[in-house]
Amino acid sequence: MVNWGKLGTLFLIIFITLSFAFTTGPKIARHTTLGLDLRGGFEILYEISPLNEQHKVTKQTLRDAEKALNNRVNALGIAEPDIQVEGNNRIRVRLAGVTNQKKARDIIGKPANLTFRDSKGNIIMTGNDIAEKGANGVFDRMQRPIITLQFKDPEKFASVTKKYIGQRVTIFLDEEPLTVPALTIRDIIVDGKAQIDGQNSIGEAKELAAILNAGALPIKMKEVFSTSVG
């Protein structure tokens, strides 16, 4: 004999469950960050090694590298990147929703041994001298895109500008100069602030500022594996 009371209760529970799923499901889906399998993107595994034989790759080195890579990925505007240290000398980077893989590789995989050099190639300052988030791409008063720089130690920067006043300074990433006009030190700067002119667009200025903010990584990064998902 059919128990209509229990059957009615069962149908009511099923109805409420389905109603909840249909009304809340789309909202949850809109606020869920999709991974590589759903959004597409790419994954790179880097092998880490020291810049020279005098240094070693330690756990702290890997943590610093992981933080620097996060800064670079954030500069690309990628939400919730997956960056993980693996073993003693590897870092895996997963980026969902990335369409321009070349641009991402250029920003993420560069050695970023950032240096400021005089006309003879001597290193006078490094990326570690830049204050945290001290580089910014902005417009000047004439609405021209520029990069503003804030250095950690104003006294050190004042000493450098005094020594090299009237001379040109070039910014290098690893052993390659950045594609920006060489800087000319016109005055002694005592407040630790400087600016880089000659940017073609505000987007270019912000991208370079992001690279400068990443600072100097005391490591080499070799890509040993990569895969992409459409």
Qualifying residues in region 71-91 (those that are surrounded by 15 or more Cβ atoms within 10 Å (Cβ to Cβ) and of a type in the set (S, T, N, Q)) - the one modelled with the highest pLDDT:
Asn89
Lys102 being within 14 Å of Phe172 (Cα to Cα), out of contact with any Asp or Glu (no Cβ under 8 Å at 6 or more places or on another chain) and free of Cβ contacts under 8 Å to residues at least 12 places away in the same chain
no
Give me the pairs: first residue in region 132-145 and in the same structural domain as Gly203 (by the TED database) and under 15 Å from Ala194 (Cα atoms), second residue at pLDDT below 90 and basic (Lys, Arg), beta-carbon distance under 7 Å, and six or more apart or on different chains, which are they?
Gly137/Lys206
Here the residues within region 166-189 that are at pLDDT 80 or above and aliphatic (A, V, I, L, M) are Val169, Ile171, Ile185, Ile188, Ile189
Name the residues in region 119-131 that are surrounded by fewer than 18 Cβ atoms within 10 Å (Cβ to Cβ), without any contact (Cβ under 8 Å) to a residue 40 or more places away in the chain and part of a strand (DSSP E or B), would you?
Ile123
Output the residues belonging to region 134-150 that are touching a strand residue (DSSP E or B) at 6+ places or on another chain (Cβ under 8 Å) and either buried (at least 16 other Cβ atoms within 10 Å of the Cβ) or part of a loop (DSSP other than H, G, I, E, B) (or both).
Gly134, Ala135, Asn136, Gly137, Asp140, Pro145, Ile146, Ile147, Thr148, Leu149, Gln150
Counted residues, region 156-189 - those being outside any strand (DSSP E or B) and either touching a residue at least 12 places away in the same chain (Cβ under 8 Å) or within 16 Å of Arg117 (Cβ to Cβ) (or both):
23
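The values are calculated or read from the model by the stated rules, or taken from the named source; none is laboratory data. Just so it is clear, the model here is predicted, and its values are computed rather than measured. Positions of Cβ are generated from backbone atoms using ideal geometry, with glycine treated the same way; all protein chains shown enter the neighbour counts.
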